[in-house]
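The values are calculated or read from the model by the stated rules, or taken from the named source; none is laboratory data. Here the structure is a predicted model, which means the values were calculated and not measured. Positions of Cβ are backbone-derived with ideal geometry, glycine not excepted, and every protein chain shown enters the neighbour counts. Heads up: the accessible areas ignore ligands, DNA and RNA and are worked out on the full protein's heavy atoms, side chains in. Shrake-Rupley method; radii C 1.70, N 1.55, O 1.52, S 1.80 Å.
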Amino acid sequence: MRRSVSHPTGAKPPAVHLRSDDARTIDAFRRVLEAGEYTEQAIAAALGEAAHAPQGWPDPAIQQRRLPRGSRLSTLIELFFLGRPVRLREARRALAPASLPRLAALGLLSPRGDRVRARVRLVPCEDLIVAGDRPPADPAHPPARYVAALSAPARLLAALTVRRRIADALDLGTGSGVQALLAARHSRRVIATDVNPRALAYAAFNARLNALPHVQCRAGSLFEPVASEQFDLIVSNPPYVISPESAFLFRDSGQRGDALCRALIGAASGFLREGGWAVVLVNWIADREGAWWEPLRSWVEGPGFDAWLLHDRTFHPLDYAAVWNQWLRLSEPRAYGSTLDRWLGYYRRLGIEAIASGAILLRRRAQGPNWVRADDLPARVTRSASRQLLRTAATQDYLATLQDVRVLRGARLRPAAGYRVTTTRRGPDARAGEDPATVTLDDALPFAVRVEARVLEVLARCDGRRRLGEILAAVVGPGSRVDASRVLRGVRELVRAGIL
C-alpha cells in the first residue's frame, strides 16, 4: 500500500541529511547531553510552562525569555530545543569535547560565520533523547516528509503500550523511531519500518544516539518489510487522518475513508505470536447517532483474539477538518476556507457524519473465551499504563469466563491500591446514606464508575478474605427492598474498572 506524495507550494521535502555511521562522534555527543543534564525534568525546570508548548510548534520568543543564561544546559536548550542560533564560542564550550565539524558532518549543526544553529530538534522522552525536524519556518507549509521528534499522539501511544520482556517487537510507521526506542528497552530485537526515508534516517540515528543497536530499520509500507515474521509486540502511529489529501506522509494515507486503519488492524493479528499485543492509534468513520464502538466491532471480532477499544474524541466533520488544517487559519485564511470546503465535500460524498479517534489493543489468545471491551479514555494519559493494562486484561479474562454474574458471589475481592469517592447530594428529601457516588481509580487510566450507596458499602467491606456473597448478605439483608442483583451488577462494574 504505497502512497503517492504531492508537495504543497513551497514545501519540497528536505533532503535526507542525518547520518548515523560515525559512532564515535555520536557517542561523544550523547555523553555531552548527559553531562549537560539535557532531560525532560531539567528543561521543564528551566522553561517552566513554556516547556510544555506543543512539541512540534513551540514559541521560541516566549521560551527564550524564560531561559536562564550562561550554563551549558541553557546553550543546549537554545540550540536543540528552541532552535535558536548561538555564538560559535558558546557552542564549542557547551559541546566540548565533541568536535563541531564532525557534528556538522553528521547533519546536527550548521555553522554560519560566528554563529551555529542546530539542524534538528532534540526532545527528551523518559530516559531517551529523540531527534526530529525543527518546526518549519512556514507553519502553513510543513514539508511533506516532515518528521516530528515527538508528538502528543506519540506520547499517548507510548503510554498505552504493554511493556514486558519479549523477543521481537515491530514499530510500523516509525517516524522518528521513538516507539522503537521505547520497545528496545524490553525487547531483544526491534524492527522499525517506514515509507519515508527521512524518517528511517532519524530512527537509525536515534537508535545509535541512545545506544540501542538492536533496532533495525527497514523501508516499506505497512507489513511489506516483515512479510514472513511474527512478533510479541506491534505498535503503530500510522497516517490515520481521514482526508481527501495525499500531501503529508505523517498525516495522510491517500486511501478512501478509514481504509488504512481498518486494513492495518485486520492484518496485524496475523503477525502476532500467541500472547502478543498490537497497540495501534486509529481514526474511524463513526455514526453520529450510534455508539462509537459499533463500527469497530467488524474490525476486531473473530476467534483467537481479544480486543480492547479505547475512544478519545468524536468530531463533527467540520471540526475535524479544522483541527488538521489549523496552520492555514492565520497565515492563509483563503486557502484555509477552500481547504475546509474541499474536506467537507469529500465527507459528504462518503456519507461521513462523524469521525472518532482513539486506539485499538489486540491480544492473540487461542485459549478463550475471547472478549471485546470498549472504554472511553478517562482523561489525558500522562504516564505508562502498562501494568494497569495487563492487570485489567487478566480481570477481563476472568469476567469473560462467568456464565452468569451471580457466579461472582463466590469471589474474594479486595480494593485496588488507590481510589477516591465523590458523593453527589440528591437533595434534602433523599434518604440518609442513599446518595449516589462516583468511584475513581487512582491509576494511569483513572476509570470512574457511578454507583449507588449499597455498592459503595460493599466496596468498603471487601477485604480479600470474605466471599462476596457473604458481604452482600450483610449489606442487603433478608427482606430488604434493595435489589441484590442490581448491587451485584454494580460490584461487577467496579471489578471491570479495576477498582476491585
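Give the residue list of trypsin sites (Lys or Arg not before Pro) in the stretch 281-338 that are DSSP loop and have at most 11 other beta-carbon atoms within 10 angstrom. Before the final figure, lay out the partial values.
Working: sites: Arg288, Arg297, Arg313, Arg329, Arg334; in loops: Arg288.
Answer in residue order: Arg288.
Give me the dipole magnitude in Debye, nearest 20, for the chain about the Cα centre, with unit charges on the beta carbon: positive for Lys and Arg, negative for Asp and Glu. The calculated dipole for the chain is roughly 1060 debye. Evaluated with a Cβ-only charge set (Lys, Arg +1; Asp, Glu -1), the stretch 346-458 carries a dipole of roughly 400 debye about its Cα centre, given to the nearest 20. From helices alone, the chain scores -10000 deg cm²/dmol at 222 nm; the rule is -39500 (n - 2.57) for each run of n ≥ 4 DSSP H residues, then divide by the residue total.
Note that the chain carries a Kirkwood radius of 25.1 Å, evaluated over its alpha carbons pair by pair. Of all DSSP-defined beta bridges confined to the chain, some 60% are antiparallel rather than parallel. Taking only the C-alpha atoms of the stretch 436-500, Rg followed by Dmax gives 11.8, 41 Å. For the chain, the per residue solvent-accessible surface stands at 46 Å², with DNA, RNA and ligands left out and a 1.4 Å probe.
Using only Cα positions of the stretch 91-182, each an equal point scatterer, no hydration layer, compute I(q)/I(0) via Debye at q = 0.13, 0.17, 0.19 Å⁻¹ and quote the log10 values to two decimals. Summing over Cα pairs of the stretch 91-182 leads to -0.59, -0.89, -1.01. Run through the stretch 335-428 and list the trypsin sites (Lys or Arg not before Pro) located in a DSSP loop whose Cβ has at most 10 other Cβ atoms within 10 Å. The qualifying sites are Arg380, Arg425.
Counted residue by residue at 0.36 nm each, then reduced by the alpha carbon distance between them, the extension gain from Leu318 to Glu34 reaches 97.7 nm.
So if each residue of separation counts as 0.36 nm, and I subtract the Cα-Cα distance between Thr424 and Glu493, what length gain in nm does that give? Each step should come with its number before you reach the end.
Working: separation 69, 0.36 × 69 = 24.84 nm, distance 1.87 nm.
Roughly 23.0 nm would be gained on extension.
In terms of packing, defined here as the mean over residues of other Cβ atoms within 10 angstrom, the peptides 100-106, 183-189 line up highest first as 183-189, 100-106.
Summarised in one figure, the compactness ratio Rg/Rh of the stretch 287-362, Cα atoms and Kirkwood Rh, is 1.10.
Loop-located GluC sites (Glu not before Pro) across the stretch 245-314 with a Cβ neighbour count of 13 or fewer within 10 Å are Glu289, Glu301, with loop assigned by DSSP.
Remark: the Ser221-Arg342 segment gains 40.9 nm on full extension, using 0.36 nm per residue and subtracting the alpha carbon distance. Mean sequence separation of contacting Cα pairs (under 8 Å, at least six apart), scaled by the length of the chain, corresponds to a relative contact order of 11 percent. If you plug the beta carbon distance of Arg273 and Ala23 into 1/(1 + (r/R0)^6) with R0 = 35 Å, you get a FRET efficiency near 0.60. With 29 Å as the cut-off, how large is the P(r) tail for the stretch 203-360, expressed as percent of Cα-Cα pairs? Summing the P(r) tail past 29 Å for the stretch 203-360 gives 28 percent.
About its Cα centre, what dipole magnitude does the stretch 70-151 give when the only charges are +1 on Lys and Arg Cβ and -1 on Asp and Glu Cβ, stated in debye to the nearest 20?
Numbers: 14 positive and 7 negative charges, 89 e Å.
Approximately 420 debye in magnitude.
For the chain, with all protein chains in place and a probe radius of 1.4 Å, 49% of the accessible heavy-atom surface sits on carbon or sulfur. Remark: the stretch 221-310 is approximated by an ellipsoid whose semi-axes, taken from the C-alpha gyration tensor as √(5λ), come to 22, 19, 9 Å, largest first.
Across every pair of non-identical alpha carbons in the stretch 326-370, the mean reciprocal distance, once inverted, gives a Kirkwood radius of 14.2 Å.
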